[in-house]
Amino acid sequence: MWMVRAGRGAEYVDYFIDNRVVAIGWNAVGEINPGASRDEISAILRENRPNMPNGRVAISSGQIYRFLNEINIGDYVVTYDPSRRIYHIGEITSAPRYSPSQLEELPRIRDVKWMGEVQRDNITTATRNTLGAISTLFLLSQEACEEMLSRLKGEQFAPAVQAEEEAEETEALAQDLRAKSREFIKDNISRLDWAEMQELVAGLLRAMGYKTRISPSGPDRGKDIVASPDGFGFESPRIVVEVKHRPNTAMGSQEIRSFLGGRHQEDKGLYVSTGGFSKDARYEAERAAIPLVLLDLDDLVKEILRHYENMDMEAKAMIPLTNIYWPA
C-alpha cells in the first residue's frame, strides 16, 4: 500500500476523491517517461532546477521514480484528509500519465478506484506513526497495510502491540524527535563561523543574567569573553570564557593549561569547544586551581535550549528555533 499525499496541506484531497486519481508534482521539469532511471530523472531535475540542493534532488528523483516505475496497477493506495482525520483507501487502476491540463500543480497522475475510508482515531499508534511520515510518496509497512485493510472491511483487528506497548512506542517516538531536533540544532551551530559562534556563547551568558565583553580578535582569530554582573569584571563572579570552534578537533590538556595560565585566583573559567575535549583535558580541568567548566557541543545545545526564551534577538537570529508541542 502506497501513501500519496494530496499536495501541501492536502489541498487537493477533494480533487483526488472526486476525480478518482492520485497525483504528484514537479510540474516545472516537464514530462518524464515511465522507465526512466533514477539517474536520468536526477539529471532532468538538475537541468531544470540548477539551484536545487543535492539532497532535494535525491528525494525528488526517488519519489518520481517510484510513482512512474514501482507503483503497479492493482496496488493499494491511501491519501489523508487532515480536516476530517480520514484516510481514503483505493486501488491503482492505470499506468502513469503526464497531464498538466488536468491538474497543473500535480501533473503526474494515476487513476484510482476508491474503496472507502478509515478514521485515524480507529487505528493503532504504530500505524499512525507510519502514516505520519512527511514524504509525498512512500510505501507502508506490511503491518500497517494489513491493519488499514482490516479497518476498511470493518473486521476486528488484533494489534500485535497492546496499549502499554503503544505508550512505550509513543514515548520512544518523542525521544527520537527530541534527539533528531538536537542533532539539527548542532548542525546549524556547526555551520556558524568563528565570530558568530562566540557571539552565540556571549548571548547565552547574557540570557543567564550576565553582561558580556568580547575582546578584540587575537592571532588565532579567537575572541575571549568576560562575563560578570556589571559587565566590567569588577563584580563577582568574573567568568572568563574561551571559545574554540573546531568541530573536528578535540581540545587537549595543553590547551586547558594554556587557558588556565593567565587566570586570577577569583576568576571562574568556561571553556567551550565544539570539537569536544580529550580525556586528559577533562582531567586537567578537574584539578584546576579555579572552578572551570568545559562545554562541548552537546552541553552547549542543552544550555541554549534551557535559556533560549531569555536570549536576545541577536543571539536568537544565529539559530532560529520554534516550539513544537507534544502531548503531555
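Before anything else, pin down the relative contact order of the stretch 194-318: Cα pairs under 8 Å, at least 6 apart, normalised by residue count, whole percent.
Dividing the mean separation by the residue count of the stretch 194-318 yields 24 percent.
Based on alpha-carbon centroids, what's the gap between the stretch 56-110 and the stretch 255-300 in Å, whole number please?
Result: 56 Å between the Cα centres.
Enumerate the amide H contacts of Asp224 below 5 Å, restricted to partners 5 or more residues apart or on another chain; note that Pro and chain-start residues carry no placed amide H.
Those qualifying (amide H under 5 Å, at least 5 residues apart or on another chain) are Ser215.
Counting each DSSP H run of 4 or more residues in the chain as -39500 (n - 2.57), what helix-only mean residue ellipticity at 222 nm follows after dividing by all residues, to the nearest 500 deg cm²/dmol?
Computed mean residue ellipticity for the chain: -11500 deg cm²/dmol.
Taking 8 Å as the Cα distance limit and 6 or more residues as the minimum spacing, I'd like the relative contact order of the stretch 74-134 as a percentage.
Averaging sequence separation for qualifying contacts and normalising by length gives 30 percent for the stretch 74-134.
Let me check against my output: what whole-number percent is the relative contact order of the chain, with C-alpha pairs under 8 Å and at least 6 apart?
This gives 12 percent for the chain.
Helix 142-152 versus the longest principal axis of the chain: what angle, 0 to 90°, nearest 10, using Cα atoms?
Its long axis makes an angle of about 50 degrees.
Hand me the trypsin sites (Lys or Arg not before Pro) from the stretch 82-112 located in a DSSP loop with no more than 16 other Cβ atoms within 10 Å, in residue order please.
Arg84, Arg85
Please arrange Leu292, Leu321 by how many other C-beta atoms lie within 10 Å of their C-beta, fewest to most.
If I rank by nearby Cβ atoms, fewest first, I get Leu321, Leu292.
Readers should treat all values here as calculations from the given coordinates under stated rules, not as data from a laboratory. On a predicted model such as this, the values are computed, not experimentally measured, just so you know. Positions of Cβ are backbone-derived with ideal geometry, glycine not excepted, and every protein chain shown enters the neighbour counts.
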